[in-house]
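The values are calculated or read from the model by the stated rules, or taken from the named source; none is laboratory data. Just so it is clear, the model here is predicted, and its values are computed rather than measured. Virtual Cβ from ideal backbone geometry, glycine too; neighbours counted across all protein chains shown. To get the accessible areas, we keep the full protein, side chains included, count just its heavy atoms, and leave off ligands, DNA and RNA. Shrake-Rupley method; radii C 1.70, N 1.55, O 1.52, S 1.80 Å.
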Amino acid sequence: MGIVLKQSLSNTVITYLGFGIAAINTLFLYTRFLSDEYYGLVTVILSTSAILMPLLAFGVPNTLVKFYSTFSDRKNSDSFLSLMLFLPLLMVLPIAAISFLAYDTIGNFLSLENPMVREYVWYIFLIGMAMAYFEIFYAWAKVQMRSVFGNFMKEVFNRIVVMILLVLVHFEFISVPVFLKALVALYLLRTILMKIYAYRLRMPTLTFNLPSNTKSIINYSALIILGGSAAIVILEIDKFMINQFIQIENVAYYGVAVYIATTIIVPSRSMHQITYPITAELLTKHDIPTLKTLYQKSSLTLFIVSGLLFLLIVLNLKDLYLLLPEEYRDGFLIVFFVGLAKVYDSVLGNNNSILYNSEYYRTLLVMGVFLAVSIIVFNLWLIPNYGIEGAAFGTFLAIFLYNTIKLLYVKSKFNIQPFTSETLKVLALLLLIGLGFYFVQFPFHPILNIVLKSILITAIYTAVLYRFKLSEDVFNLISRVLGKASPKE
């Protein structure tokens, strides 16, 4: 088995393992072992740190991956790697100085609505810095064709340690303030371990000689800061802004509901690992007919999978919420709107891959900034008036506009679009099943209810897909599962 395929499979397993651990932490441990206010505080600290991270990283993780292979000799390679280590300091040192000199001003801004946030400005900076350098050392390992350890540290390690810390809080071995300090130490430790691993793969020889294409490198890094910041803002800004307008416990309620909805997008991550290099190759060859086929097949497959997950989540949500503390049970609209946005993301198939691998990648960055600004504007309007449901609806509106623009842009530049008649048939099937099961409620324990309803929905859904062969790929997959030979075309 080739090293790329082997690591891809390992990374897929690790990603799903990390997701499972995160589900336990998010839905059951945080909600029971921390108070609503402190769970909200943890969410605000981590979200704000994540927003700060791309700025502190100065675009280096992407730049390292893009330019590393262009340096064939050791001397220029060392110059490049040295630049990658020091470049983030252009942002880290000034922001650290600003945080020190303007601590009270920053603290007052972050604690306008929730005074308890004021004490944690340095926590936010340190975690943000740790996140930034972790991504740099992770990229360092990636260019050496070693990504599994970094993926494990990113997806699994910190979540396992958080699980242990939460259990220690529950049994009163540590206090919540100690837990928050340990959280900072955890992110710093993760970065140090990643650094040690990266240096074992390739120990840098520090030099102050700049590579010949330094200007291009810095320009690209600055551009990626813009794109990376926009991408993180899209994911985290709503939690940050909720803290600015309403009580902090609402951040916890919102975070749990969003996590439930975000499960819809997990399968698309695995598919994108496959479609991304294929898309790049097709664009290099200018093979637009095959690209169109890939675009439509990826869209339909992801729509089928994400649509089913959306149904399973929404139709089982009442029972799922019975498993959570009562205060977390009012998030139906949040799950619905954020989940719908994730389904729309999936329906676009390999749209992002097409734009990123084409000459129009800069346009995608501009679109990302437009989306980030849109979410901020919608949140400024909707959160003060409609609370956390307003944040969810604002996210949905912004993503709907963003995805529609991307859809039309690819259509205008490549004259291809992802939808087929099968897309409408799958939509009709989802609506029929959704309406049919919406009022079905079994009288058993919530877990048994979830299992029974999920089995029925999945069985009916897959049976119709198979009977009417709505997707060739899904039909062939089901045939293999049933032990049948796929019919020859």
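State which entries of LYS154/LYS195; LYS239/LYS342; LYS142/LYS285; LYS154/LYS181; LYS342/LYS406 exceed 21 angstrom in Cα-Cα distance in the structure shown.
Values: LYS154/LYS195 13 Å; LYS239/LYS342 17 Å; LYS142/LYS285 26 Å; LYS154/LYS181 19 Å; LYS342/LYS406 15 Å.
With Cα atoms farther than 21 Å apart: LYS142/LYS285.
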TODO: Report the normalised scattering of region 347-489 as log10 I(q)/I(0) at q = 0.08, 0.09 Å⁻¹, calculated by the Debye formula with identical scatterers on the alpha carbons.
DONE: -0.39, -0.49
Open item on the list: Rolling a 1.4 Å sphere over the protein heavy atoms, what is the accessible area per residue of region 196-341, to the nearest Å²?
Closed with: 44
- [ ] Indicate the gyration tensor shape class of region 298-407 (rounded, prolate or oblate), computed on the Cα atoms with a ≥ b ≥ c the square roots of the eigenvalues: a/c under 1.5 is rounded; otherwise a/b larger than b/c is prolate and the rest oblate.
- [x] oblate
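By the gyration tensor of its Cα atoms, with a ≥ b ≥ c the square roots of the eigenvalues, what is the shape of region 167-227: rounded for a/c under 1.5, prolate for a/b over b/c, or oblate?
It is prolate, given that a/c is not under 1.5 and a/b is the larger ratio.
If you build the Cα gyration tensor of region 1-99 and take the root of 5 times each eigenvalue, what three semi-axes come out, in whole angstrom, biggest first?
34, 26, 7
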Open item on the list: Could you order the peptides 39-48, 200-209 from most to least packed, using the average number of other C-beta atoms within 10 Å per residue?
Closed with: 39-48, 200-209
- [ ] With only Lys, Arg, Asp and Glu charged, each at its Cβ (+1 for the first two, -1 for the last two), find how big the charge dipole of region 93-181 is about the Cα centre; round to the nearest 20 debye.
- [x] 380
TODO: Based on a Kirkwood Rh over C-alpha pairs, give the Stokes-Einstein translational diffusion coefficient of the chain at 4 °C and viscosity 1.567 mPa s in µm²/s.
DONE: 53
TODO: Starting from region 265-371, pick out the GluC sites (Glu not before Pro) whose DSSP state is loop and whose Cβ has at most 15 other Cβ atoms within 10 Å.
DONE: GLU359
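Highest first, please rank the peptides 339-349, 410-420, 220-230 by the mean number of other Cβ atoms sitting within 10 Å of their residues.
339-349, 220-230, 410-420
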- [ ] Please compute the net charge surrounding ILE313, taking Lys and Arg as +1 and Asp and Glu as -1 over other residues with Cβ under 14 Å from its Cβ.
- [x] +2
TODO: Per DSSP H run of at least 4 residues, take -39500 (n - 2.57); add these up for the chain, divide by its residues and hand me the 222 nm value, nearest 500 deg cm²/dmol.
DONE: -26500 deg cm²/dmol
